[in-house]
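Reading through the structure tokens given below for one structure.
The values are calculated or read from the model by the stated rules, or taken from the named source; none is laboratory data. This one's a predicted model, so the numbers in the text were calculated from it and none came from an experiment. Quick reminder, even Gly has a Cβ in these numbers, built from the backbone with ideal geometry, and neighbours come from all protein chains shown.
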Amino acid sequence: MNALTVKHERLKRRLASLGSLLVAYSGGVDSTLLLAVAASVLGRRLLAVTADSPTFPAAERREARRIARRLGVRHRVVRTRELEDPRFRENPADRCYWCKRGLLGALRAVAAREGIAAVALGSQRDDSRDYRPGERAAREMRALSPLRDAGFTRRDVRLLSRRLGLPGWDREPAACLASRIPYGRPIERAALRRVERAEELLRAEGLRRVRVRADGTAARIEVDPAQVGAFVSRRARLSAARALRRLGFTAVSVDLEGYRTGSLNEALGAKGPRRTRRGRR
């Protein structure tokens, strides 16, 4: 029995011991693996819940609904109200803490109404390498991280997802749209929507891994480091700039370092997070 199989069996035993479970489901590769394995041992005692929030791209929400249906898992959408919380809306460095607390509060309420024993997140071991204040909220709200507890890394998640034939095993990581806005600049619904539309347009140009970092009406485009050279020299670069200007951006630039996890965290300096090249941000 290889190491990945051992982790898979450990995960199944842990999930079976819970009796019933609510999974905070984003449709990403991590939470999809958690949902699929939980479905194999819990059946109808499992519920997937996805947030309806302006910080969560509509396309991701549709994909979550589609995958949950394919897996045969009960699925609900719950509206979250983080933009009504000034502790989130003012965009401090611990913004994610307040967002996660609000989300988990909503999920725990659903779990209580349904008589479900526990709430779980799709966090895995590599998530601890980046700056994630939401992890503190998860601990405080007693949310479980079964993948992490079973020893799964990001690579493990993708390998097992591929082995199990799960949809989206090779999808690029997604992240809350608020992570595109520099700390200290208030988060507004219109700004989130503008970023969402900008990234949709860039993906339509064939860019798989892309972020639009928005500081007011200035947009900084990050693409996969391997695509930076081609992107800045292509006619598509000018097309993309024109498209983003039509959305309301007045200045459009390309980050020559390319996409990297939590690049806006770099402004926090030595007291801030460690940088990583891969992740969900």
* Flag for Gly216 being surrounded by fewer than 17 Cβ atoms within 10 Å (Cβ to Cβ), out of contact with any Leu (no Cβ under 9 Å at 6 or more places or on another chain), at positive phi and at pLDDT 80 or above -> yes
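A quick yes/no check of all residues on (1) touching a helix residue (DSSP H, G or I) at 6+ places or on another chain (Cβ under 8 Å); (2) within 21 Å of Glu196 (Cα to Cα); (3) crowded, with 22+ Cβ neighbours inside 10 Å; (4) not hydrophobic (A, V, I, L, M, F, W, C):
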residue: Leu15; (1), (2), (3), (4): yes, no, yes, no
residue: Ala24; (1), (2), (3), (4): yes, no, yes, no
residue: Leu35; (1), (2), (3), (4): yes, no, yes, no
residue: Ala48; (1), (2), (3), (4): yes, no, yes, no
residue: Arg61; (1), (2), (3), (4): no, yes, no, yes
residue: Arg70; (1), (2), (3), (4): no, no, no, yes
residue: His75; (1), (2), (3), (4): yes, no, no, yes
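With Leu107, Leu159, Leu103, Leu121 as the choices, which residue is in the same structural domain as Leu71 (by TED's automatic domain parsing), modelled with pLDDT of 95 or more and within 20 Å of Asn2 (Cβ to Cβ)?
Working: Leu107 fails: within 20 Å of Asn2 (Cβ to Cβ); Leu103 fails: within 20 Å of Asn2 (Cβ to Cβ); Leu121 fails: within 20 Å of Asn2 (Cβ to Cβ).
So the residue among Leu107, Leu159, Leu103, Leu121 that is in the same structural domain as Leu71 (by TED's automatic domain parsing), modelled with pLDDT of 95 or more and within 20 Å of Asn2 (Cβ to Cβ) is Leu159.
Does any residue of segment 145-153 turn out to be over 27 Å from Leu83 (Cβ atoms), assigned to a loop (DSSP other than H, G, I, E, B), in contact (Cβ under 8 Å) with a residue 60 or more places away in the chain and under 19 Å from the mean Cα position of the chain (by Cα)?
Going through segment 145-153, the residues over 27 Å from Leu83 (Cβ atoms) turn out to be 146-153.
Next, from what is left, pick out any that are assigned to a loop (DSSP other than H, G, I, E, B): 150-153.
Narrowing the set further to residues that are in contact (Cβ under 8 Å) with a residue 60 or more places away in the chain leaves 150-152.
Subsequent filtering for residues that are under 19 Å from the mean Cα position of the chain (by Cα) retains 152.
Scanning segment 145-153, I find at least one residue that is over 27 Å from Leu83 (Cβ atoms), assigned to a loop (DSSP other than H, G, I, E, B), in contact (Cβ under 8 Å) with a residue 60 or more places away in the chain and under 19 Å from the mean Cα position of the chain (by Cα), so the answer is yes.
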* Structure fact -> With the first residue restricted to segment 191-208 and required to be farther than 19 Å from Pro54 by Cβ, and the second required to be assigned to a helix (DSSP H, G or I) and small (Gly, Ala, Ser), Cβ contacts under 8 Å at 6 or more apart or on different chains are Leu202/Ala240; Glu205/Ala236; Glu205/Ser239; Glu205/Ala240; Gly206/Ala236
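Could you please find all residues in segment 155-170 being exposed (fewer than 14 other Cβ atoms within 10 Å of the Cβ), in a loop (DSSP other than H, G, I, E, B) and either in contact (Cβ under 8 Å) with a residue 12 or more places away in the chain or in contact with a helix residue (DSSP H, G or I) (Cβ under 9 Å, 6 or more places away or on another chain) (or both)? Quick ask: steps written out before the conclusion?
Going through segment 155-170, the residues exposed (fewer than 14 other Cβ atoms within 10 Å of the Cβ) turn out to be 155, 162-163, 165, 170.
Okay, now just the ones that are also in a loop (DSSP other than H, G, I, E, B), so 165, 170.
Across segment 155-170, the qualifying residue is only Asp170.
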